[in-house]
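Let me begin by presenting the structure, written as structure tokens, before commenting on it.
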Amino acid sequence: MPRLYPVLFALCVPLVFLHADYQPSFTVSLGGSDATLYLSDLAVLAIGAIGAVAGIRLGFAPLRAGRAIWISSAVFLAFVLAGTGVGAATTDGYPLADNLLTTAKLTEYALLALAAPLAIRGAQELMPLLVVLTAWSTAATFGALLQFLGVLNEFEGRRPGQREPSFLGIHDLAALSGATLAVGLLALALGERKRLGVVAGIAGGLGVILSGATAAVVGVAAAGAAAWLLGRRRALAIAAVVSLVAAGTIAIRALDTRPLLDALGIERPRAVATDPEASWQQRAALAYIGGRIFLDHPLVGVGWLASSEAEHYEPYLDDARARFPDLPERALPSAEHQWGVQNAYVQAAADLGVFGLLAWLAFLLVPLSVAWRAGTSAGVPILWLLVSMGIWIGLGLVAGIPLVGLTWLSIGLAAASAAWRELV
């Protein structure tokens with residue numbers, strides 16, 4: 001019976017890695033705001049229930065080993081909740097109800113972390129999760145490849161020859177693919193799970209390339225370095241894989257794919273221009289605005305998600321235009337384009353102040369430190385955390401997306417690895 005829990009846990013996880021547009025949902029009015037419950041929310045709640053049942057039947061002792069992780073997670077969530085109060089007090093028209101719901105969803109996903117040590121009680125019990133996630137990632141990569149070849153439509157229709165979202169979204173495809181690639185890198189470094197590692201490496205690597213998410217390359221490179229440090233072998237092979245993925249990701253963003261499409265006989269329905277909102281120049285401009293907000297509000301910030309409110313970003317738009325003169329106007333935040341900061345680290349500083357930023361960093365680094373002390377048995381959460389940390393460079397803090405799921409799942413497995421270490 002105990003071995004059933006990791007299988008049930010694993011079978012629920014793929015639903016967390018699915019874009020909201022592809023999920024059934026229902027919406028209720030709650031406190032003057034609309035609360036939408038998606039299939040992914042039910043999957044998270046189901047995972048929480050699996051963890052609770054496992055805890056009742058087998059004991060809750062595995063949670064004790066991750067005390068430092070639970071403390072750092074609780075502190076970060078406390079700063080987020082306090083940030084909603086700051087936003088309501090300092091921002092005219094602050095959407096308090098909406099942002100409280102966002103905080104609640106961010107907290108809901110913490111069930112992934114709490115359930116992981118209870119359902120997965122040994123490193124050998126990770127296999128169902130790795131197999132299921134690799135299979136789901138393979139399907140996502142295949143879908144992205146069909147979109148790239150013009151066989152399947154993506155969210156905006158048929159747009160072959162460019163970065164693709166599959167059934168997740170650009171950055172979330174990168175998150176799922178990066179986590180799967182990490183399984184392949186770990187198999188390469190440790191000489192374990194070789195067959196799974198080959199499939200994971202190919203599916204994950206191609207998925208990262210097709211996503212075109214350059215922030216993911218940072219996480220993949222860090223994961224590759226960590227894999228080598230854990231295994232101390234096959235450095236050249238790991239470097240080759242990381243370099244190939246990095247080159248492919250940059251190429252899909254920078255190179256003209258029309259000759260390839262013409263050679264394959266694929267007709268483009270229209271000219272596809274590079275969207276300024278997808279460029280690193282725009283990311284830099286938004287980070288600049290977020291940095292200015294932080295410098296003017298260093299202690300408590302402007303409030304959770306308030307950096308995307310016009311009252312706080314408009315004072316810096318002229319300076320941003322002067323600093324980034326080639327950036328199209330629609331790439332800057334406005335009432336029509338509420339981009340946000342699109343860098344989780346800068347946003348944490350702008351929204352929550354310096355102590356909130358420290359809480360966000362501790363939220364990520366404490367589990368990484370705990371997992372590192374557990375050694376090679378904790379290779380999966382170590383690499384997954386590094387992949388997540390890299391992708392957060394190119395994305396703002398958004399609750400309820402697959403990247404949040406991967407982050408909480410990594411944190412939970414880090415706590416689980418601490419419990420595994422105590423059993424050795």
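The values are calculated or read from the model by the stated rules, or taken from the named source; none is laboratory data. Here the structure is a predicted model, which is why all the values come from computation and not from measurement. No Cβ is skipped: glycine too gets one built from the backbone with ideal geometry, and neighbour counts run over all protein chains shown. To get the accessible areas, we keep the full protein, side chains included, count just its heavy atoms, and leave off ligands, DNA and RNA. Shrake-Rupley method; radii C 1.70, N 1.55, O 1.52, S 1.80 Å.
As a summary of the residue check, Arg373 satisfies the conditions (1) within 27 Å of Gln124 (Cα to Cα); (2) touching a Phe, Trp or Tyr at 6+ places or on another chain (Cβ under 7 Å); (3) surrounded by fewer than 24 Cβ atoms within 10 Å (Cβ to Cβ) except for the one numbered (2). Leu45 meets each of the listed conditions (1) in contact (Cβ under 8 Å) with a residue 40 or more places away in the chain; (2) open to solvent by 40 Å² or more (accessible area, probe 1.4 Å); (3) within 16 Å of Ala415 (Cβ to Cβ) apart from (3).
Would you say Gly204 is touching a helix residue (DSSP H, G or I) at 6+ places or on another chain (Cβ under 6 Å) and not acidic (Asp, Glu)? Talk me through it step by step, then tell me what you get.
Working: touching a helix residue (DSSP H, G or I) at 6+ places or on another chain (Cβ under 6 Å): yes; not acidic (Asp, Glu): yes.
So Gly204 fits the description; yes.
Is segment 126-135 home to any residue that is open to solvent by 30 Å² or more (accessible area, probe 1.4 Å), more than 22 Å from the chain's Cα centre (by Cα) and not aliphatic (A, V, I, L, M)? No, that holds for no residue.
Could you list, in sequence order, the residues of segment 292-341 that are among the aromatic types (Phe, Trp, Tyr), assigned to a loop (DSSP other than H, G, I, E, B) and either modelled with pLDDT of 95 or more or open to solvent by less than 50 Å² (accessible area, probe 1.4 Å) (or both)? Steps first, answer last, please.
Let us first name the residues in segment 292-341 that are among the aromatic types (Phe, Trp, Tyr), namely 294, 304, 313, 316, 324, 339.
Going one step further and asking which of them are assigned to a loop (DSSP other than H, G, I, E, B), we end up with 304, 324, 339.
Within segment 292-341, Trp304, Phe324 meet the criteria.
Could you check how many residues of segment 163-175 are open to solvent by 10 Å² or more (accessible area, probe 1.4 Å), in a helix (DSSP H, G or I) and of a type outside the set (Val, Ile, Thr)? So the answer is 2.
Could you identify the single residue in Val151, Val80 that is of a type in the set (Val, Ile, Thr) and either in contact with a Gly (Cβ under 7 Å, 6 or more places away or on another chain) or open to solvent by less than 30 Å² (accessible area, probe 1.4 Å) (or both)? Before the answer, list the steps.
Working: Val151 fails: either in contact with a Gly (Cβ under 7 Å, 6 or more places away or on another chain) or open to solvent by less than 30 Å² (accessible area, probe 1.4 Å) (or both).
Of the residues listed, the single one that is of a type in the set (Val, Ile, Thr) and either in contact with a Gly (Cβ under 7 Å, 6 or more places away or on another chain) or open to solvent by less than 30 Å² (accessible area, probe 1.4 Å) (or both) is Val80.
Which residue, of Val346, Val354, Val387, is under 21 Å from Ala418 (Cα atoms) and in a helix (DSSP H, G or I)? Criteria check complete, one pass: Val387. Just give me the residues in segment 343-372 being of a type outside the set (Gly, Ala, Ser) and more than 22 Å from Ala223 (Cβ to Cβ), in sequence order. If the condition is that a residue be of a type outside the set (Gly, Ala, Ser) and more than 22 Å from Ala223 (Cβ to Cβ), then Val346, Gln347, Asp351, Leu352, Val354, Phe355, Leu357, Leu358 are the ones that fit.
Residues that are open to solvent by 50 Å² or more (accessible area, probe 1.4 Å), of a type outside the set (Lys, Arg) and in contact with a strand residue (DSSP E or B) (Cβ under 8 Å, 6 or more places away or on another chain): does segment 54-74 have at least one? No, segment 54-74 contains no residue that is open to solvent by 50 Å² or more (accessible area, probe 1.4 Å), of a type outside the set (Lys, Arg) and in contact with a strand residue (DSSP E or B) (Cβ under 8 Å, 6 or more places away or on another chain).
Being closer than 28 Å to His19 by Cα, crowded, with 24+ Cβ neighbours inside 10 Å and of a type in the set (S, T, N, Q): is that true of Ser388 here? Against the criterion (closer than 28 Å to His19 by Cα, crowded, with 24+ Cβ neighbours inside 10 Å and of a type in the set (S, T, N, Q)), Ser388 qualifies.
What's the total number of residues in segment 222-256 that are at pLDDT below 95 and closer than 28 Å to Pro160 by Cα? Looking only at that region, the number is 7. Scanning segment 398-407 turns up no residue that is part of a helix (DSSP H, G or I), touching a Lys or Arg at 6+ places or on another chain (Cβ under 8 Å) and among the hydrophobic types (A, V, I, L, M, F, W, C).
Suppose we filter Phe26, Phe9 for residues that are assigned to a helix (DSSP H, G or I) and at negative phi; which single one remains?
Phe9
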